[in-house]
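Have a look at the structure below before the remarks.
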Amino acid sequence: MYDSGLAIMCDGLANNKTLVMLDISKNDLTSTSIKKLSSVLSNSEIIQLNLRQNAIGNEGVSHLCNYIEKNCKLKYLNLAECRI
């Protein structure tokens, strides 16, 4: 998917209130992608987020932390092999 594909997906997620699981593992995403994703997800119903095997690094985790603070619905987060 890469960063450009995630930007398109985020446009669709912006108004989605029914999606509860999102698996975007192994998509070559970076911290730039996660920043965009986090801003969209803060108003979502997502309870499971799988980001396994993406190169989001510590900066991406920082963006995710900002999202998690705003969304207490998240119950499962997979960050295995994300270069953190």
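Brief remarks follow.
- Residue count for the range 36-84 satisfying the condition of being within 16 Å of VAL20 (Cβ to Cβ), hydroxyl-bearing (Ser, Thr, Tyr) and out of contact with any strand residue (DSSP E or B) (no Cβ under 8 Å at 6 or more places or on another chain): 3.
- Only one of the numbered conditions (1) out of contact with any Cys (no Cβ under 6 Å at 6 or more places or on another chain); (2) part of a helix (DSSP H, G or I); (3) not aromatic (Phe, Trp, Tyr) is not met by ILE84, and that is (2).
- Across the range 46-81, the qualifying residues are those that are of a type in the set (Gly, Ala, Ser) and in a helix (DSSP H, G or I), and the one among them that is farthest from LEU29 (Cα to Cα) is SER62.
- Residues of the range 26-48 satisfying the condition of being under 20 Å from LYS73 (Cα atoms) and either at pLDDT 95 or above or surrounded by fewer than 16 Cβ atoms within 10 Å (Cβ to Cβ) (or both): SER39, SER42, ASN43, GLU45, ILE47, GLN48
- Residues considered: ASN27, ASN16. Of these, the only one that is at negative phi and in contact with a helix residue (DSSP H, G or I) (Cβ under 8 Å, 6 or more places away or on another chain) is ASN27.
- Some residue of the range 67-82 being surrounded by 14 or more Cβ atoms within 10 Å (Cβ to Cβ), of a type in the set (Gly, Ala, Ser) and more than 10 Å from the chain's Cα centre (by Cα): no
- If the condition is being under 13 Å from ASP3 (Cα atoms), charged (D, E, K, R) and not in a helix (DSSP H, G or I), then the range 23-45 contributes LYS26, ASP28.
The values are calculated or read from the model by the stated rules, or taken from the named source; none is laboratory data. The structure presented is a predicted model; accordingly, all values stated were derived computationally and were not measured. Every residue, glycine as well, gets a Cβ built from its backbone with ideal geometry; the counts of neighbours run over all protein chains shown.
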